[in-house]
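Report on the following structure.
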Amino acid sequence: MSNDNSHLPEEKHSSRALLKSTSVISAGTLFSRILGFIRDVLLAKLLGTGVRADAFFVAFRIPNLLRDMVGEGAVNATVVPVISEYRQQKEKEDLWRLISILLVLSLIILSVLTLIGIWGAASVVRLIAPGFVFEAEKFEMTVRLTRLMFPYLVFIGLTAYLAGLLYAFRSFVVPAFSPCLLNVAIIISALWASRSMEEPVFGLAAGVLAGGILQLVAQFFPLWKKGIRFKFPKTLAHPGARRVGRLLIPRLIGSGVYQLNVFVDTFCASLAMIVGQGGISAIYYANRIIQFPMGIFTLALASAALPAMAGFAAVGNVEELKKTLVFSLKNIFFIMVPASVALVVLAEPVIRVLFYRGAFDDYSVQITSWTLLFYALGLFSFGAVKILVTAFHSLQDTSTPVKVASGSVVMNFFLNLILMGPLKVGGIALASSIAATVNFVILFILLKKKIGAIRGDFLPYCMKIIFASALMGSVLSILWLKLPLAHLAWRLFLTGTAGMATFFAMCVLLKVKDFSEIRRWMPGKK
């Protein structure tokens, strides 16, 4: 029996199709982050950094820890390559059988994890947020919210699998934009619950479940349109499923290291008797600010740099690989260092303008801006680590980054214990920044041993950016204090605009190449 997949190689190598796919995914990511920002503003207004906020963020984080381990990244690294291979080389019946088996296996595994999570919710909360045990109301609310939201794991896990299928079938629109549905559901539930519920936090939990269901349902129409059909399999044994399992294990280990870092920070932030009330909420809001430039710029740059570096590595062209690496690090430095300085100087006004309303009071502004300040110190390291990990992956070395990250987790834990006493929740953020910086330095040294010394103008370039950023920071500090404007949002906007103008002007005077050259590294560019 012949199949009708002869067109796939051409489709796969089409520059136009790749560019279109990249733009769709980027647009979906940007739109989702904008909606996520609106969602966080509403959550801050409704919950602030009090008991309900901490309970909600911990309860929501528990299924998300598992989701992040087996979600989109794991699917893209395991399911997509195998399904793509079967689509090109196997008969349709075998492909449909594998797809159905993986769906059933996913449903079984996710359901078992969910049932265990609901049954052992109290133990899970004690493990991840032990400080809650000393506050009966917060502990009980977190357990109830955890039980209510744990089924989200089933919905979002199946969504990740179905979205992976669509990626394998070159369908990108719905997977790219479906995360927006979660934000929309939470926004609607926040508006509804704030007006009609005595405990609106449980309305938010219902919104999370609704968002998970909407994301799952959204995948079915494009799957049906692509001709994908599900049939209950007679057996769950299949060589393709075994291959997915073998590919999944190392991916889970690497993802587990990162999730352990999140667990360590949550563990320490829950100890209110040491870090103060609202630590978990402060970390959540500050992290959302930090993740905005990371998500929009760093991930896009890493995705664009990987095929270039992998191509040079494949033909043994180490010099061009190093040039690409230096180019990527320069651009991360160009964006993240001034962003870091700006957030350090303007941490308090940024948080006040974005979140100060409703339950998010002066105390919430204080602890969140304090946390943001220390996270901002590690902004370059957070981004640069992703670039170095990409370089290791291009050399087909996935074990070294995991080993270094494991050491970073241990360091982060001990730094938390040392710093959270004197610096409260800010110490947890500072520990993360220091651990990320050490992670970057070790990876950089190990990469130099692999590919040789990295020459060129990297150090002088960095010194110019640091000088321009320092001058920008001085301008920001003076203008924020001296501008005669009572409206904080306009004052922040004008101060930030003047700071950016100062930075770019200094870059011109110092003859620093701007980051626009990154366009030539985007997929499809020669």
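Derivation of every value follows stated rules applied to the coordinates shown; laboratory data play no part. Computed from a predicted model, the values in this text were never measured in an experiment. With ideal geometry, Cβ positions are generated from the backbone for all residues, glycine too; neighbour counts draw on all protein chains shown.
Descriptive notes on the structure:
- Computed magnitude of the charge dipole of the chain (debye, nearest 20; Cβ of K, R +1, Cβ of D, E -1): 1200 debye
- Averaged over residues, the count of other Cβ atoms within 10 Å places the peptides 467-480, 150-163 in the sequence 150-163, 467-480, highest first.
- Per the Debye calculation on the chain with a single equal scatterer at every Cα and no solvent contribution, log₁₀ I(q)/I(0) for q = 0.06, 0.12 Å⁻¹ amounts to -0.30, -1.28.
- Alpha-carbon Rg with Dmax, taken over region 127-236, Å: 17.6, 54
- Whole-Hz ³J(HN,Hα) from phi, Karplus 6.51 cos²θ - 1.76 cosθ + 1.60, for region 475-484, glycine and proline x: 4, 4, 5, 5, 5, 4, 7, 9, 4, x
- Exposed GluC sites (Glu not before Pro) absent - longest run of the chain, DSSP non-H/G/I/E/B, at most 13 other C-beta within 10 Å: 199-526
- Under 5 Å, built H, 5+ apart or other chain: amide partners of F360: G48
- Rel. contact order, % - alpha carbon contacts under 8 angstrom, at least six apart, the chain: 19 percent
- Grouping the Cα pair distances of region 12-270 into 5 Å bins from zero gives a pair-distance distribution of 1, 6, 11, 16, 17, 17, 12, 9, 6, 3, 1, 0 percent in increasing distance order.
- In terms of distances greater than 22 angstrom between alpha carbons, the cross-link table entries K448/K511; K330/K424; K330/K464; K482/K511; K92/K225 yield K448/K511; K330/K424; K482/K511.
- Mean residue ellipticity (222 nm) of the chain, computed from DSSP H runs ≥ 4 via -39,500 (n - 2.57), nearest 500: -27500 deg cm²/dmol
- In order along region 197-210, the Karplus-derived 3J(HN,Hα) couplings, from 6.51 cos²θ - 1.76 cosθ + 1.60 at θ = phi - 60°, round to 10, 5, 10, x, 4, 6, x, 5, 4, 5, x, 4, 4, 4 Hz, and Gly and Pro are given as x.
- Across region 492-508, coupling constants 3J(HN,Hα) worked out from phi with the 6.51/-1.76/1.60 Karplus curve, θ = phi - 60°, read 5, 4, 5, 4, x, 4, 5, x, 4, 4, 4, 4, 5, 5, 5, 5, 5 Hz, and Gly and Pro carry x.
- Dipole magnitude for region 12-270: computed about the Cα centre from +1 point charges on Lys and Arg Cβ and -1 point charges on Asp and Glu Cβ, it is near 1180 debye.
- Peptides ranked, highest mean first, by Cβ atoms within 10 Å: ranges 402-411, 335-344, 111-120: 335-344, 402-411, 111-120
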